[in-house]
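Structure first, then comments.
Readers should treat all values here as calculations from the given coordinates under stated rules, not as data from a laboratory. Treat the numbers as computed from the prediction; the structure is a model and nothing was measured. Here the Cβ is made from the backbone with ideal geometry for all residues, glycine too, and neighbour counts use every protein chain on show.
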Amino acid sequence: MQTFWQDLRYGARTLLKQPGFTLLAVLTLALGIGSTTTIFSAIQNILLDPFPYTDAHRMVVIQIHDTSNPRPRGRAGFQTLEFLDYQEQNHVFEDIMGATGGDVLYNNGAEVEQFFGCYVTPNTFSFLGVPAQLGRGITPDDARPGAPPVFVMAHKLWANRFNLDPTILGKTFTLNGTPTPLVGIMPPRFSFYFPDLWIARAMERGDPGANRQYWFSLAKLKPGVTIQQAQADIDRIAGELRHDASDRQSALGSIAARSADAGRGGYRGGAGRFGGVLFPGAARHEGRPVGGAKGRVRSRMMNILLHSQSIPTEGEMHEENQTRLVRRALLRIHDRQR
């Protein structure tokens, strides 16, 4: 034991004499441990214990690609009218759901808190097929004309803000100035779009703000339909829209729709692919006072990604983050040595 303590003191003195090396070693270990944890978490959620989304192997993402742009990737954000066109004119999808994000202000009577909300088409919960832990999910009846507004709460918000109190189910919350009853609380692993809560929103062609709202879309192939058949069908729709003379479509330029197979692991285990790629900074589950910088940055990041004609891949984002961390470490070492 005495030899062990001597070796420990010697190692500590050596590290203190070389702070630059120590910092780099700690950073390397941190990156390695973090990457390993992420990989094993993904394996656990995707391969070993996937979340039971209904027919996840038939889920696909639809993107719009500008054919005049040589870059292969498109944008995942659909304007309301674009979404409705693909939803109504396709022959290959059993169902299509849409989601978009935005800040939600909760007035608790004493102060106003800011939550991150996910506005979803009313078929979202039936599309994903995950039942609520308490209460129910959003249904098509919740978006019918004249229906009272309702919302569903994420488990982490329920745990962190309301201490797992089951009596809040059915209570009315003032959200964005509107009394809104809580009808359901989702299980811990359900984190679609990483929000604090989900609110139903119907799409209407007559909505004056239809072209200002962008939706992330997720479709489910009909049984027996292949990716190639789906691609041909949405190419057909894109061609029809491309020749549409209306101002709405001509503003898009030359477009083509592109489908991407979600794969077996793409939409299992929490938020799946889009949770880690499209919205990396969206996992905030606690209410914060109005005006928080994180909420503003997150909403701005989502808007940029939904509008972007070039969506970064997971590898590109990981590489960029790693490069940024290493650059910071080297700059700190350089400053210390100066």
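Quick one: which of 27-34, 174-181 comes out on top by average Cβ neighbours within 10 Å, and what's the full order, highest first?
So the order, starting with the most tightly packed, is 174-181, 27-34.
Using a Förster distance of 35 Å, how high is the FRET efficiency between Q18 and T38, based on the Cβ-Cβ distance and rounded to 0.05? Provide the component values of the computation, followed by the final result.
Details: r = 29 Å, r/R0 = 0.84.
Once the sixth-power term is evaluated, E becomes 0.75.
What are the ³J(HN,Hα) couplings of the range 124-136, residue after residue, when phi is run through the Karplus curve with 6.51, -1.76, 1.60 and θ = phi - 60°? Round to Hz, x for glycine and proline.
Rounded to whole hertz, the list is 4, 6, 6, 5, 6, x, 9, x, 6, 6, 10, x, 9.
Tell me, in nm to one decimal, what length is gained between N211 and A25 on full extension, where the rule is 0.36 nm per residue of separation less the Cα-Cα distance?
Values: separation 186, 0.36 × 186 = 66.96 nm, distance 5.07 nm.
Going from the current span to full extension adds 61.9 nm.
Can you list the HN-Hα couplings for the range 170-179, worked out from phi with the Karplus curve (6.51, -1.76, 1.60; θ = phi - 60°), rounded to whole Hz and with x for Gly and Pro?
Each residue's phi maps through the Karplus curve to give x, 6, 9, 10, 8, 10, 6, x, 10, x Hz.
Can you tell me the FRET efficiency between S126 and A159 if r is taken as the Cβ-Cβ distance and R0 is 30 Å, rounded to the nearest 0.05?
Taking R0 as 30 Å, the efficiency between S126 and A159 is 0.75.
Could the peptides 213-221, 140-148 be put in order, highest first, of the mean number of other beta-carbon atoms found within 10 Å of their residues?
Descending mean neighbour count gives 213-221, 140-148.
Taking amide H atoms as placed 1.01 Å from N in the peptide plane, list the residues 5 or more away in sequence, or in a different chain, whose amide H sits under 5 Å from that of Q79.
W215
Which FRET efficiency value, to the nearest 0.05, is calculated for E111 and T167 with the Förster distance at 22 angstrom and r the Cβ-Cβ distance?
Working: r = 21 Å, r/R0 = 0.97.
The pair E111/T167 has a calculated efficiency of 0.55.
So if each residue of separation counts as 0.36 nm, and I subtract the Cα-Cα distance between R242 and H91, what length gain in nm does that give?
This chain segment gains 52.5 nm when fully extended.
Going by average Cβ neighbours within 10 Å, how do the peptides 86-93, 158-165 rank, with the highest at the top?
86-93, 158-165
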